[in-house]
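Student: Got a structure for you, written out below as structure tokens; questions coming shortly.
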Amino acid sequence: MSQDAPLRIDAKELFSAQVEDYLEVQSAMQRGAEEIEPQSWLLRMIYSSWFYLSLCAGLGGFCGWAILEPFIDDNEIQRGGIQLIVGLLGFAIVGALIALFLGAAEGIMCRNARRAVISGAVGLGVGFGGGLVAIIPTEILFGLANVLSDSFNKNPNPGKMRTGIALLILMMGRAAAWALISIPAGIGQGIALREKKVIFNGFLGGVLGGLLGGLLFDPIAHVLTTADGQAAASRAIGFTAVGLMVGLFVGLVEGWTKTAWLLMRKGPLAGKQFVLFKDTTVLGSSPKAEIYLFKDEAIEPRHAIIHNRGGRFELEDCQSPDGTYVNGIPIKKHLLQSGDQIVMGKTVLEFSLREAKG
């Protein structure tokens with residue numbers, strides 16, 4: 001037969017059992033993700049770290065206020081004694097509650113109770129212990145700001161709210177004090193995960209959030225403090241605002257500094273981003289996995305691993321029965337490129353890499 005002669009296949013050969021088996025094998029080998037509809041702006045916002053971290057940290061600040069407030073009397077604080085001690089410990093208690101909720105937030109969002117409990121507990125301890133240590137420098141700093149503010153205070157009535165430069169100095173002193181208190185609140189999760197990048201993000205986010213939240217404290221008090229000097233409502237909103245700002249900036253700093261991440265395009269947490277901080281990131285159905293993929297029977301406890309090899313990210317399948325696919329092709333090892341779609345069971349993840357500027 002000539003090499004150029006057309007190849008003829010009759011109907012019997014085309015629909016034979018061998019051809020059907022071959023097509024089934026090829027179909028099984030190809031597991032590309034079908035066209036996925038983009039998530040709504042509301043879902044994208046809910047799964048944004050700045051949103052749920054600020055919400056959780058704000059709730060922590062409010063819970064700190066709820067624990068403290070029954071023991072606080074503003075008139076007694078002015079006279080000193082036990083009320084002054086409660087007021088000082090309030091910094092550590094509020095910081096600890098912010099750290100508790102901030103540490104647990106990621107685990108809660110990922111439905112990973114183990115991570116939520118561990119990170120929350122470590123955050124609580126670091127936040128409270130760090131808050132106690134920070135009381136002395138915080139009081140010195142705020143005390144100096146208070147003295148300087150007094151020298152500019154033109155209002156002869158000490159019970160009245162300060163205005164002008166005196167108020168601005170007081171606001172700056174309080175902001176600096178809350179920045180110090182917010183550092184241990186921000187770094188708890190990073191310490192729990194033993195990850196330097198997360199610690200750095202928490203440190204920077206805590207400082208920025210504490211500064212802004214502290215700046216808001218006195219204007220809030222100016223509006224909400226009652227005529228007889230009671231400031232329960234202003235403290236509630238003020239502590240909540242500090243928590244919100246700390247969580248917001250921890251989330252924003254995470255977004256500013258991330259270099260590689262996975263976006264779940266299809267799965268139980270569709271819309272959630274997973275930032276790749278570690279040199280080795282395990283993906284699997286075990287709660288111990290860095291990226292916990294639940295509710296998918298085809299995913300193994302240790303299904304795949306992403307290795308960070310000096311800024312190049314390699315995906316490795318852990319000999320899983322169902323396999324790991326990149327852009328529809330089964331892989332054993334694959335060097336990931338930005339835009340690659342990773343399919344494991346019914347879960348679809350999209351890899352993104354921020355190129356270094358140079």
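Student: Work out how much length Glu355 to Ala233 would gain on full extension: take 0.36 nm times their residue separation and subtract the Cα-Cα distance, in nm to one decimal.
Tutor: Gain on stretching Glu355 to Ala233: 39.2 nm.
Student: Let me ask something else about it. Could you check the spin-label model distance between Val223 and Glu316? Points 7 Å from the Cα along Cα→Cβ, value in nm.
Tutor: So the label points at Val223 and Glu316 sit 5.5 nm apart.
Student: Once each part is reduced to its C-alpha centroid, what is the distance from segment 313-358 to segment 231-259 in angstrom?
Tutor: Distance between centres, Cα-based: 34 Å.
Student: Moving on. At what distance in nm do the modelled label points of Arg302 and Phe51 sit from each other, each positioned 7 Å from its Cα along Cα→Cβ?
Tutor: 3.5
Student: Under 5 Å between amide H atoms, partner at least 5 residues away or on a different chain: which partners does Glu300 have, H built in plane at 1.01 Å?
Tutor: Ser285
Student: Taking the inverse of the average 1/r across all pairs of different Cα atoms in segment 156-315, what Kirkwood radius in Å do you get?
Tutor: 18.4
Student: Let me ask you something else. Leaving out ligands, DNA and RNA, and with a 1.4 Å probe, what % of the accessible surface on segment 96-175 is carbon or sulfur?
Tutor: C and S fraction of accessible area: 73 percent.
Student: Over segment 224-348, what percent of the accessible surface lies on carbon and sulfur atoms, probe 1.4 Å?
Tutor: After summing per-atom areas, the C and S share lands at 54 percent.
Student: What FRET efficiency comes out for the pair Val117/Ile67, r = Cβ-Cβ distance, R0 = 22 Å, nearest 0.05?
Tutor: After rounding, the FRET efficiency stands at 0.65.
Student: Another one. Note down the net charge around Pro321, summing +1 for each Lys or Arg and -1 for each Asp or Glu among other residues with Cβ under 12 Å from its Cβ.
Tutor: Charge balance in the 12 Å sphere: -4.
The values are calculated or read from the model by the stated rules, or taken from the named source; none is laboratory data. All values derive from a computational prediction rather than experimental measurement. As a convention, Cβ positions derive from the backbone with ideal geometry for all residues, glycine included, and neighbour counts pool all protein chains shown. Ligands, DNA and RNA are stripped out before the accessible areas are found, and what is left, the full protein with its side chains, is counted by its heavy atoms. Shrake-Rupley method; radii C 1.70, N 1.55, O 1.52, S 1.80 Å.
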